[in-house]
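Chemist: Shown below is the structure under consideration.
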Amino acid sequence: MAYVAHDRVLSEPILREFAAQTGIKVRAVYDIEANKTVGLTNRLIAEAAAPRADVFWNNEVIQTIRLQSRGVAALEPLSDVPVVAPPIADARLRWVGFAARARVLLLNTAVADRAAVPAPAAPGLWDLASLHWRGRVAVANPRFGTTGTHFAVLLALWGEAEFRRWLKSLRDNGVSVVPGNAQVRDDVVSGRCAAGLTDTDDAVEAISSGAPVRIVFPDQSKDGTLLIPNTVAMVAHAPHARAATRLAAYLLSRDVESALARGRSAQIPINHPVPAPEYFPPRHSLRTMKVDFRAGAAKFEQMLALVEQEWP
């Protein structure tokens, strides 16, 4: 059995193809948008004494590391990993990252410039607190999913004082907190918000629908844009370990990373030299944030407490 935090419509075809190639049927349990990643993380913790799942296909990193710290997953190295030196991975390959999304700003081009105060030339995360964007920005609930990962990484990178100032500035600027990244996308597409902080898969879906939007990769002259990969890890004491290791190796294959780049999820390949998705700059020209995801995982609970204080 696989627990899958990646969107079902995107991950199910991958699992079907694995079954067709190997004859191994995969039963999958999927997360929902409102509690992305955290729901399955809590389920794995609750089942730790008698695990039902064999593999955790997460759509981010920090919850995988938190499961590792609790002895629930990612305790043994993955076997037959078809990647020589994955750029985002546990040092012993107990979890490995693949097929990343970028945390981007999605702008509605029809309404973004309608403000008395001029827009910043290349908006970054701190620019969301500017007068131009007052009351016109949406952000997903940082208690869940990739937004939680993003905020925890920023806390680790910036320190508490700066992170707290940023939260306060967003709150004072009337940032709208919505349940998930899909709602951020929808609010920007409809024009209810001029801009939103979301993931590239949601942003590309908006572009593909013909909406008047564009993607901005933030902070290219500062910290860079955060890439958040999918991760795969074995569940501790997996009941079907041999079949599970074959699935883990398959998820890390060139074919899967290529399929995720070509498909509607438009995920950024990080392990294999396959073409990047349309709409994205070449990987070598994109300034990406230097991230210690383990440090971000260690800051996750503190991040939640700060969010509760600043965005009750």
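Chemist: With (1) in contact with a strand residue (DSSP E or B) (Cβ under 9 Å, 6 or more places away or on another chain); (2) surrounded by fewer than 24 Cβ atoms within 10 Å (Cβ to Cβ); (3) part of a loop (DSSP other than H, G, I, E, B) as the list, and residue 210 as the residue in question, which single condition is left unmet?
Modeler: (1)
Chemist: Then there is this: Take residue 261 and decide whether it is in a loop (DSSP other than H, G, I, E, B) and either surrounded by 18 or more Cβ atoms within 10 Å (Cβ to Cβ) or out of contact with any helix residue (DSSP H, G or I) (no Cβ under 6 Å at 6 or more places or on another chain) (or both).
Modeler: It is false that residue 261 is in a loop (DSSP other than H, G, I, E, B) and either surrounded by 18 or more Cβ atoms within 10 Å (Cβ to Cβ) or out of contact with any helix residue (DSSP H, G or I) (no Cβ under 6 Å at 6 or more places or on another chain) (or both).
Chemist: Check off (1) farther than 27 Å from residue 49 by Cα; (2) at pLDDT 95 or above; (3) of a type in the set (Gly, Ala, Ser) for residue 265 and give me the number that stays unchecked.
Modeler: (2)
Chemist: Oh, and also: Name the residue that is surrounded by the fewest Cβ atoms within 10 Å (Cβ to Cβ), counting only residues in segment 213-232 that are polar (S, T, N, Q) and either modelled with pLDDT under 95 or over 20 Å from residue 141 (Cα atoms) (or both).
Modeler: 221
Chemist: A further question follows. How many residues does segment 277-293 hold that are in a helix (DSSP H, G or I) and either crowded, with 17+ Cβ neighbours inside 10 Å or among the aliphatic types (A, V, I, L, M) (or both)?
Modeler: Residues meeting the conditions: 1.
Chemist: OK, next. I need every pair where a residue in segment 217-229 that is more than 16 Å from residue 106 (Cα to Cα) has its Cβ under 9 Å from the Cβ of a residue that is part of a loop (DSSP other than H, G, I, E, B) and of a type in the set (Gly, Ala, Ser), sequence separation at least 6 or different chains.
Modeler: 221/122; 221/124; 222/124; 223/124
Chemist: For segment 75-108, name all the residues that are of a type in the set (S, T, N, Q) and modelled with pLDDT of 95 or more.
Modeler: 108
Chemist: So, in segment 168-200, of the ones that are at pLDDT 95 or above and in a loop (DSSP other than H, G, I, E, B), which residue ends up surrounded by the most Cβ atoms within 10 Å (Cβ to Cβ)?
Modeler: By that ranking, first place goes to 193.
Chemist: Additional query: Being assigned by TED's automatic domain parsing to the domain that holds residue 140 and farther than 16 Å from residue 199 by Cβ is the filter here; which residues of segment 85-109 pass it?
Modeler: 108, 109
Chemist: Now for a different question. Inside segment 155-182, can you point out the residues that are β-branched (Val, Ile, Thr) and more than 30 Å from residue 9 (Cα to Cα)?
Modeler: none
Chemist: When residue 249 is evaluated against the numbered criteria (1) outside the structural domain of residue 123 (by TED's automatic domain parsing); (2) buried (at least 22 other Cβ atoms within 10 Å of the Cβ), which criterion, by number, is the only one it fails?
Modeler: Of the numbered conditions (1) outside the structural domain of residue 123 (by TED's automatic domain parsing); (2) buried (at least 22 other Cβ atoms within 10 Å of the Cβ), the odd one out for residue 249 is (2).
Chemist: What's the total number of residues in segment 113-167 that are of a type outside the set (Phe, Trp, Tyr) and assigned to a helix (DSSP H, G or I)?
Modeler: 23
The values are calculated or read from the model by the stated rules, or taken from the named source; none is laboratory data. This one's a predicted model, so the numbers in the text were calculated from it and none came from an experiment. Neighbour counts run over all protein chains shown; Cβ positions are idealised from the backbone, glycine included.
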